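Student: Sharing a structure, written as structure tokens. Questions coming.
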Amino acid sequence: MMSTPVRVPPSCPLRDVMGEMNRLRIGAVLVTTGEHKLQGIFTERDLLRRVADADPGWRELPVSAWMTPDPITIGPNEAWEAAVSLMEQKRVRHLPVVEDRTVLGLLSTRMLLGRRADDLNRVVEHRTHELKRALGEIMARDAEMRHNLRAAGQLQTRLLLPHSPPPWPELRWGVHYAPLDHLGGDYYDVAQPDADHIGFLIADASGHSIAAAMVAIMSRSAFADIASGTISPGVVLSEMNTRLQGLADDRFVTAFYGVLNRRTRVLTYASAGHPYPLRFVARTGTVQPLSAQGFLLGIVPDEQYRERTVQLEPGDRLCFYTDGLVEARDDRGEGYGTDRLEAALTAGGALSAQLLLDRLLADQKQFRGDQKLSDDVTLVVCELAKY
């Protein structure tokens, strides 16, 4: 409040009162007795209300003639909110602060608006400080989490995937493994149950990031325990299915496992709901899907996975992939799809394994343009050597 408002006696001429108000650029004066007892208030509103009909010589009238007697007042211990409410309710712009009819000060709407603005600025400043502090904590936790996820991703890659393609002379490899996050649900693995057979597994745990990575690790552990002891892909998938029953949050795994007889080049394979791998037949230049039926791992107990066989020939290429490759979309929302993959494989089938893999990835990238991937992507190309 204004603790030293302008006070005038009731007998002060209006001329002098208005002169003082103009000089100090104020909108109200308090009319008091010598003991600072409040008699009334004179404001610009009082002047405007009376001056139009005033008789000549009105400037010589005492201020008591035009003042508002017994104005609305407020006590010194009332809250600012109470003063604002009272001024809005009574539609006044000036509010004397009075105790026992003794004037202690004067409040105006300008003062209250300034005080409200100051309070709001302090609240905003305080909350801004709190938000900055909270943001700093969140960013620190986020940086720590990203660091831990990067470390976990590196550890997962070392533990989950073969360190390099197996050095089998009859096969040449091209491998692309790209999890969407630091941790992924895609994985692939190899096995050699005996000297005459080699096996290749590609699998995809549903989703991505931490939960999918944990399921992928469980699947890899089950595969490593089983695949070394049998040349039957159906048996391997059945045992993996048994071990993966009851995964949390309805998680599941798709998988394809094929075992190649190194002497006859017969590939025996089985599938658990995984996208069909593609075979490029070198002799005819055509592409054939390695289709097989079988339910997802971890969903149906005691599922039996039926095996199929195919006679491979020198120069053939096998293309294994997860659904993240073909489900990539362009800016219109259209998916890349297996038809485009088959066309790209047909066009580049004579290339070496690594060059063919690069060709397929480039074709998919050209299709989707700047659109980001929405899932992990694994692509493995296997070439049967001519010897």
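Student: Computed FRET efficiency, Cβ-Cβ of residue 45 and residue 4, R0 22 Å: what is it to the nearest 0.05?
Tutor: Values: r = 22 Å, r/R0 = 1.01.
Here the calculated transfer efficiency is 0.50.
Student: Determine which lysines satisfy two conditions relative to residue 372: a Cα distance under 26 Å, and not lying fewer than 8 residues away in the same chain.
Tutor: none
Student: Continuing with the same structure: Rounded to the nearest 10 degrees, what's the angle between the helix 209-227 long axis and the longest principal axis of the chain, both from Cα atoms, 0 to 90?
Tutor: Orientation of helix 209-227: about 20 degrees from the principal axis.
Student: What's the angle, to the nearest 10 degrees (0 to 90), between helix 233-243's Cα axis and the longest principal axis of the chain?
Tutor: 40 degrees
Student: Residues of the chain: accessible area per residue at 1.4 Å, in Å²? Please report the intermediate quantities before stating the final value.
Tutor: Working: 20710 Å² over 387 residues.
Computed with neighbouring chains in place, this is 54 Å² per residue.
Student: When the accessible area of the chain is computed with all protein chains present and a 1.4 Å probe, what percentage of it is carbon and sulfur? Walk me through the numbers before you get to the answer.
Tutor: Details: 10810 of 20710 Å².
About 52 percent, which is the carbon plus sulfur part of the accessible surface.
Student: Take the chain, connect every pair of alpha-carbon atoms lying under 10 Å apart with a spring to form a Gaussian network, then pick out the residue of 345, 171, 112 with the largest mean-square fluctuation.
Tutor: 112
Student: At 1.4 Å probe size, with no ligands or nucleic acids counted, give the accessible surface of residue 132 in Å², nearest ten.
Tutor: Accessible area of residue 132: about 140 Å².
Student: Further question on the same structure: If the reach is capped at under 17 angstrom between alpha carbons, list the aspartates and glutamates near residue 37, excluding any in the same chain fewer than eight residues apart.
Tutor: Counting by Cα, and skipping residues close in sequence, residue 37 has these aspartates and glutamates nearby: 70, 99, 100.
Student: Hey, another quick one. Measure nothing fancy, just the Cα-based angle from helix 80-90's long axis to the longest principal axis of the chain, in degrees from 0 to 90, nearest 10.
Tutor: 60 degrees
Student: Continuing with this model, one more query. Normalise the Cα radius of gyration of segment 32-84 by 2.2 N^0.38 Å (N = residues in it) and let me know the number. Working shown, then result.
Tutor: Values: Rg = 14.5 Å, N = 53, 2.2 N^0.38 = 9.9 Å.
Against the empirical 2.2 N^0.38 Å value, I get 1.46 for segment 32-84.
Student: Sticking with this one: What FRET efficiency do you get for residue 53 and residue 81 if R0 is 35 Å and r is their Cβ-Cβ distance, rounded to the nearest 0.05? Don't skip to the answer; put the middle values down first.
Tutor: Working: r = 39 Å, r/R0 = 1.10.
Efficiency, from the Cβ-Cβ distance: 0.35.
Student: Residues of segment 1-39 with backbone nitrogen within less than 13 Å of a virtual label 7 Å along the Cα-to-Cβ line of residue 102, please, listed as ranges.
Tutor: Correct set: 35-38.
Student: Something else now. Could you state the number of Å between the C-alpha centres of segment 188-247 and segment 256-317?
Tutor: 15 Å
Student: Cα convex hull of the chain: mean projected area in nm², to one decimal? All intermediate terms of the calculation are to be shown ahead of the outcome.
Tutor: Details: hull surface 131.1 nm².
For the chain, the mean projected area of the Cα convex hull comes to 32.8 nm².
Student: Beyond 19 Å, what share of the Cα-Cα pairs of segment 1-129 is found? Please give it as a whole percent.
Tutor: Numbers: 4273 of 8256 pairs.
It works out to 52 percent of all Cα pairs.
The values are calculated or read from the model by the stated rules, or taken from the named source; none is laboratory data. Computed from a predicted model, the values in this text were never measured in an experiment. Here the Cβ is made from the backbone with ideal geometry for all residues, glycine too, and neighbour counts use every protein chain on show. Side chains are part of the model used for accessible areas, which takes the heavy atoms of the whole protein and leaves out ligands, DNA and RNA. Shrake-Rupley method; radii C 1.70, N 1.55, O 1.52, S 1.80 Å.
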